[in-house]
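> Pasting in a structure now, in structure tokens, and then I'll have a few things to ask.
The values are calculated or read from the model by the stated rules, or taken from the named source; none is laboratory data. These figures come from a predicted structure and were not determined experimentally. Glycine also receives a Cβ, built like all others from the backbone with ideal geometry; neighbour counts cover every protein chain displayed. Quick note on the areas: whole protein, heavy atoms, side chains included, nothing else; ligands and nucleic acids left out. Shrake-Rupley method; radii C 1.70, N 1.55, O 1.52, S 1.80 Å.
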Amino acid sequence: MNRRRALAGLSGAAGLIAAVPALGQKPRRMRPQEGDVLVHAFGERAGEALAAGHVGPRPVAAYAMDTASGVVRDGSLNNQLLVVRVAAESLSPKAARYAVPDARGSDTLLVYSASCTHTGCEVNGWDDETRRLACPCHGSEFDVADAARVMNGPAPRPLAMLRVALSDGALRVTGGFSRRVGPEPP
Ligand code: FES
């Protein structure tokens with residue numbers, strides 16, 4: 001049986017995110033901003049605030065939303081995120097710096113960019129057994145408990161992590177990405 005599955009509802013490709021939003025950049029295209037709340041990206045709950053309890057054993061796709069205007073930052077394929085549940089005891093020290101404790105138990109939540117660092121495909125695969133994210137384009141695999149360390153395939157770098165906190169039951173952006181999102185420029 002093929003253990004790897006595509007994450008339901010994910011679509012599209014991902015690319016680069018500018019380190020700083022360009023002047024005049026449309027809010028929908030801006031990278032996640034401090035104070036934004038994460039919302040479901042797809043499915044029946046699209047646009048609904050993503051609560052810790054919504055994240056089960058498999059990753060959930062998300063976007064950031066500006067709470068003042070209600071604008072969901074889905075105007076760029078660069079902005080897609082993956083929220084992953086990881087047991088606290090399995091976190092590497094680096095991942096632990098970005099992990100948010102889930103108040104209900106010993107689990108934590110981590111938010112990764114879905115933009116592959118190889119050529120920018122959308123990372124939308126998941127292996128239940130190894131608990132790795134997988135890129136469908138060239139087979140790169142990323143260990144979610146170890147800051148998305150590359151475990152297989154041609155991706156040269158881990159996926160970027162986004163700094164968030166749990167606030168009133170919602171995941172709120174509290175900082176920037178841990179590294180460049182997506183591939184290096186040619
Ligand atoms: S784009 Fe992800 S492995 Fe090539």
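> Taking interchain pairs and intrachain pairs at least six residues apart, which have beta carbon atoms under 6 angstrom, with the first residue in the stretch 78-92 and without any contact (Cβ under 8 Å) to a residue 24 or more places away in the chain and the second crowded, with 21+ Cβ neighbours inside 10 Å?
From residues that are without any contact (Cβ under 8 Å) to a residue 24 or more places away in the chain, the pairs are ALA88/THR108.
> Here's another thing I want to ask about it. Hey, could you check the stretch 144-186 for residues that are small (Gly, Ala, Ser) and surrounded by fewer than 17 Cβ atoms within 10 Å (Cβ to Cβ) and say which is nearest to CYS116 (Cα to Cα)?
GLY153
> Let me spell it out: the conditions are (1) closer than 19 Å to PHE142 by Cα; (2) at pLDDT 95 or above, and GLY56 meets all of them except one. Which number is the exception?
(2)
> Of all the residues that make up the stretch 105-119, how many are polar (S, T, N, Q) and touching a strand residue (DSSP E or B) at 6+ places or on another chain (Cβ under 6 Å)?
Residues meeting the conditions: 1.
Residue-by-condition table, conditions (1) hydrophobic (A, V, I, L, M, F, W, C); (2) farther than 17 Å from CYS135 by Cβ; (3) at pLDDT below 95; (4) not in a strand (DSSP E or B):
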site: GLN25; (1), (2), (3), (4): no, yes, yes, yes
site: GLY35; (1), (2), (3), (4): no, yes, no, yes
site: VAL39; (1), (2), (3), (4): yes, yes, no, no
site: ARG45; (1), (2), (3), (4): no, yes, no, yes
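> Can you pull out every residue in the stretch 160-181 that is polar (S, T, N, Q) and under 13 Å from the mean Cα position of the chain (by Cα)? Give the steps one after another, and end with the answer.
To start, the set of residues in the stretch 160-181 that are polar (S, T, N, Q) comprises 167, 174, 178.
If the condition is that a residue be polar (S, T, N, Q) and under 13 Å from the mean Cα position of the chain (by Cα), then SER178 is the only one that fits.
> Which of the residues that make up the stretch 129-143 are of a type outside the set (S, T, N, Q) and either within 23 Å of PRO32 (Cβ to Cβ) or open to solvent by less than 40 Å² (accessible area, probe 1.4 Å) (or both)?
The answer is LEU133, ALA134, CYS135, GLY139, GLU141, PHE142, ASP143.
> Quickly run through the stretch 66-82 and pick out the residues that are among the acidic types (Asp, Glu) and either crowded, with 24+ Cβ neighbours inside 10 Å or within 16 Å of the chain's Cα centre (by Cα) (or both).
The one that is among the acidic types (Asp, Glu) and either crowded, with 24+ Cβ neighbours inside 10 Å or within 16 Å of the chain's Cα centre (by Cα) (or both): ASP74.
> Could I ask something else about it? Does GLY53 qualify as being of a type in the set (Gly, Ala, Ser), in contact with a Gly (Cβ under 9 Å, 6 or more places away or on another chain) and within 16 Å of the ligand (Cβ to nearest atom)?
It is false that GLY53 is of a type in the set (Gly, Ala, Ser), in contact with a Gly (Cβ under 9 Å, 6 or more places away or on another chain) and within 16 Å of the ligand (Cβ to nearest atom).
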